[in-house]
Amino acid sequence: MSDFDQLADYVFKGNAAAVKELTQKLVNAGGDPLEIISKGLLIGMDIVTPKFKAGEMYVPEVMMAARALSEGMNIVKPLLTGEDIAVSKTIIIGTVAGDLHDIGKNLVVMIMESGGFNVVDLGVDVSPEKFVAAIKEHNAKIVGLSALLTTTMLNMKVTIDHIAKEGLRDQVKILVGGAPVSQSFADEVGADGYCADAMAAKEMATAFLN
Amino acid sequence: MALKSRLEVLTKDDLVRVHEATLKILRETGVVFHNDEAIEVFKKHGARVENKTVFITRELVDQALATAPRTFRMRARNDKYSVTVGEGFLIQPNVGPVYIQDIQKGRREATLEDYANIQKLCQASDVVDLVGTIPVDPSDVKSSDKYLLMMYEALKNTEKPVIGFCANTQQVRQQLDMVEMALGKPGFLLENHCTAVLVNSLSPLAYAPDTLETMIEYAKRNQVILLAPCIMAGVSGPISLLGTAVLQNTETIAGLVLVQLVNPGTPLVYATASTSGYMKEATFAAGSPEAMLINTASLQMGLDYYHLPVRTMSGITHSKTVDCQAGYETMQSLLMGMMSGAQMSVQSLGVLDAIMTTSYEKFVIDEELIRRVRRISQGIDTSDEAIAVDVIQEIGHTGTYLSHISTFEKFRSLWTPTVSDWGNYSDWKNAGSEDVVIKANRKYQQILQNAPETLLDSETDKALLEFIEKARAH
């Protein structure tokens with residue numbers, strides 16, 4: 001097994017310590033950071049995704065793999081130059097105002113990061129103003145809104161309306177998700193996409209950027 | 001009569017271990033309360049507070065347990081529907097579904113009309129003891145008006161004890177005022193427990209702002225709090241079922257302490273609504289046999305260790321439609337809930353898809369499941385008459401019991417189904433080979449057709465409508 005294959009396998013198995021050690025070894029030996037990412041780390045996640053979709057891997061295993069991946073990324077990322085990062089894959093994400101639930105949102109954050117996204121996580125109970133400020137600050141193209149409660153999901157509409165009022169609606173694609181959220185609700189509040197789960201969120205965000 | 005045993009998963013020693021574990025977590029890790037008034041109450045009573053984290057001592061827990069009632073009477077608008085909470089197996093409406101479903105129109109977002117319909121079905125039902133709450137969340141009304149309109153529909157279409165809604169302070173005061181108006185006189189609530197509310201902790205180990213505002217307002221008005229942590233083992237709680245039961249117990253006891261400090265003697269129902277996680281999606285596993293096992297452990301704590309009235313969540317399924325899976329998962333959950341000693345049950349009236357949907361047909365079918373389970377809970381008559389030696393000897397070796405006077409006198413007490421089909425094959429075929437869902441569909445429509453236009457007198461109705469108008473104007 002080549003070092004890259006080995007690295008991918010460690011990511012797939014969620015072995016964070018081994019990923020960290022091998023990534024460091026490859027960096028020390030003068031390996032190309034982009035190659036370490038694209039031929040090693042992300043390949044590991046590419047094995048995970050279809051297995052998760054097929055129901056062979058469960059969420060805790062995916063999260064361990066994502067955590068192992070981020071250990072490797074933490075070592076390699078600082079070595080990348082500005083030119084290496086071709087497109088800005090920044091996503092702003094948060095649980096909308098009034099809602100303190102974040103398990104699902106945090107899952108989306110991990111999966112997005114494992115897909116190479118730069119995730120700006122605004123946390124929970126995020127006001128529409130905070131979303132707008134973050135879009136401006138990070139020049140983001142994608143915004144993810146999360147809510148668990150039927151009472152707070154209506155704040156998705158308030159947030160989207162505020163983004164429109166600030167003249168940023170055409171600049172961003174807005175994805176919504178959370179237990180009570182549906183496609184028809186997403187349409188109703190004027191979101192660009194409804195994500196039933198974290199993988200769907202990653203795929204939709206990727207599709208929008210392409 | 002009554003069953004001779006209860007479903008149990010913990011030994012007596014385990015109950016002590018769970019309690020000690022709870023005290024350790026409350027003392028050393030504490031619970032986060034996202035509300036200034038709650039924090040002040042704890043500080044005033046000597047609890048150590050760091051920012052929003054409250055550390056609760058054994059003394060505070062003991063005090064709270066001493067003032068919380070074991071049973072209490074809940075007053076209905078029509079007193080013949082008043083109930084005692086802490087005995088029997090009371091059924092309350094569902095809480096939380098967003099969708100409504102029937103075979104004509106399929107699954108769709110629920111409206112206020114659906115909300116009113118479910119209230120009518122609850123009022124008409126001989127197995128439903130409480131009304132109100134949110135059996136379907138109406139999508140066609142403004143969120144600012146929603147609580148007023150739901151409470152109005154509950155009061156208009158029912159006269160059983162009514163459950164309100166978790167909301168902010170002002171909205172909670174409004175709903176309590178409406179209940180008081182419907183019951184007749186100002187100040188009535190302070191003297192009588194007339195309404196309840198379901199609140200959930202923000203697992204792990206926290207309480208959200210609206211939840212606390214609701215708990216505090218209900219406690220101040222001496223109304224009932226149904227406190228139900230809704231933990232998913234492996235997601236928002238430990239993967240071990242016992243660990244999740246410990247977390248559930250810890251969150252409940254923390255809430256109990258707050259409520260008893262706000263108003264000692266406030267009735268609080270130790271409610272359990274946890275499940276295992278569905279680890280392929282990190283979501284809530286409704287059809288799991290392990291869900292009720294967690295709650296069985298907690299019910300033992302509530303019943304045998306704390307002597308509080310207990311409620312559970314039973315009758316749940318992950319099925320998306322009223323099919324075989326819906327049937328066996330619902331019955332598994334409901335039967336385990338009753339056998340674990342729950343004195344009240346929620347999500348037992350037509351829920352589907354992990355409580356995302358209420359089905360009109362399944363509501364009617366679940367009523368029958370509840371009748372089955374209540375019958376099982378009664379056990380068998382063990383009297384001298386029931387042992388029937390005289391009858392057995394009289395009939396002897398030939399003849400039939402069918403025409404014996406003892407059969408004639410008692411046969412109608414045998415349980416018979418209300419929607420299930422027990423007839424013979426050719427009758428069933430000749431009647432169109434109907435599935436139980438078709439029969440249930442017809443039945444729910446009949447009940448709605450026969451429901452009274454309103455159960456409010458015109459004066460109360462007018463007063464309530466004026467109250468709503470005023471509240472909307474603000």
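Here are a few things to note about the model shown:
- The radius of gyration of the Cα set in segment B:390-474, together with its Dmax, comes out at 25.5, 81 angstrom.
- Tail beyond 17 Å, pair distance distribution of segment A:3-82 (Cα, percent): 37 percent
- The protein assembly as shown, helix-only ellipticity at 222 nm - DSSP H runs n ≥ 4, -39,500 (n - 2.57), divided by all residues, nearest 500: -15000 deg cm²/dmol
- When you filter the trypsin sites (Lys or Arg not before Pro) in segment B:33-133 for DSSP loop state and at most 13 other Cβ atoms inside 10 Å of their Cβ, you are left with B:ARG70, B:LYS105.
- Nearby lysines by direct alpha-carbon distance to A:LYS173 (threshold 27 angstrom, same-chain neighbours under 8 apart not counted): A:LYS53, A:LYS77, A:LYS89, A:LYS105, A:LYS130, A:LYS136, A:LYS141, A:LYS157, A:LYS165, A:LYS202, B:LYS142
- Rg/Rh (Cα only; Kirkwood hydrodynamic radius) as it applies to chain A: 1.01
- Hull volume per residue, based on the alpha-carbon atoms of the protein assembly as shown and their convex hull, is 210 Å³.
- If both residues of a DSSP beta bridge must be in the protein assembly as shown, then about 25% of such bridges are antiparallel.
- Listed values for segment B:256-271 are Karplus-derived 3J(HN,Hα) couplings in whole Hz (6.51 cos²θ - 1.76 cosθ + 1.60, θ = phi - 60°), namely 4, 4, 4, 4, 6, 6, 5, 8, x, x, 4, x, 10, 9, 6, 10, and x replaces Gly and Pro.
- Under a model in which nothing but the beta-carbon of Lys, Arg (+1) and Asp, Glu (-1) is charged, the protein assembly as shown shows a dipole of about 560 debye around its Cα centre.
- Within chain B, DSSP assigns beta bridges of which about 40% are antiparallel (rounded to the nearest 5).
- Shown here for segment B:387-460: chymotrypsin sites (Phe, Trp or Tyr not before Pro) in loop regions (DSSP other than H, G, I, E, B) with at most 14 other Cβ atoms within 10 Å, namely B:TYR401, B:TRP415, B:TRP422.
- Ranked by solvent-accessible area (1.4 Å probe, protein heavy atoms only, all chains present), the residues B:ASP102, B:ASP62, B:ASP177 order from largest to smallest as B:ASP62, B:ASP177, B:ASP102.
- Of the GluC sites (Glu not before Pro) found in segment A:1-71, those in coil by DSSP whose Cβ has at most 13 other Cβ atoms within 10 Å are A:GLU56.
- Across segment B:314-319, coupling constants 3J(HN,Hα) worked out from phi with the 6.51/-1.76/1.60 Karplus curve, θ = phi - 60°, read 9, x, 9, 8, 9, 5 Hz, and Gly and Pro carry x.
- Three-way shape call for segment A:90-209 based on the alpha-carbon gyration tensor, with the a/c threshold at 1.5: rounded
- When you restrict to C-alpha pairs under 8 Å that are six or more residues apart and normalise by the size of chain B, the relative contact order lands at 18 percent.
- Heavy-atom SASA rank of A:LEU100, B:LEU7 (probe 1.4 Å, accessible area, largest first): B:LEU7, A:LEU100
- Principal axes of chain B: Cα extent on each, largest first, Å: 79, 56, 47
- 3J(HN,Hα) from dihedral phi, segment B:219-227, Karplus parametrisation 6.51/-1.76/1.60, rounded to Hz, x for glycine, proline: 5, 4, 8, 6, 9, 7, 10, 9, 9
- Heavy-atom accessible area buried between chains B and A is around 1400 Å² (1.4 Å probe, both sides summed).
- Between amide H atoms placed 1.01 Å from N, distances below 5 Å from B:HIS318 occur with B:GLY287, B:ALA354, all of them 5 or more places distant or on a separate chain.
- Amide H contacts of B:THR283 (H built 1.01 Å from N, in plane; Pro and chain starts excluded): B:TYR278 sit under 5 Å, all sequence-distant by 5 or more or on other chains.
- When B:GLU459, B:GLU367, B:GLU290 are compared by accessible area at a 1.4 angstrom probe, the order from most to least is B:GLU459, B:GLU290, B:GLU367.
- Other residues whose C-beta falls under 9 angstrom from the C-beta of A:GLY40 contribute a net charge of -2, scoring Lys and Arg +1 and Asp and Glu -1.
- Nearest 10 degrees, 0 to 90: helix B:458-473 Cα axis against chain B principal axis: 40 degrees
- C-alpha center-to-center spacing [segment B:150-216, segment B:289-354] in angstrom: 24 Å
- Local net charge near B:THR244, Cβ-Cβ under 11 Å (Lys/Arg +1, Asp/Glu -1): -2
The values are calculated or read from the model by the stated rules, or taken from the named source; none is laboratory data. Values in this document were obtained by computation on a predicted structure and should not be read as measured data. Cβ atoms come from the backbone with ideal geometry, glycine included; neighbour counts cover every protein chain shown. Surface areas here come from the heavy atoms of the whole protein model, side chains and all, with no ligands, DNA or RNA. Shrake-Rupley method; radii C 1.70, N 1.55, O 1.52, S 1.80 Å.
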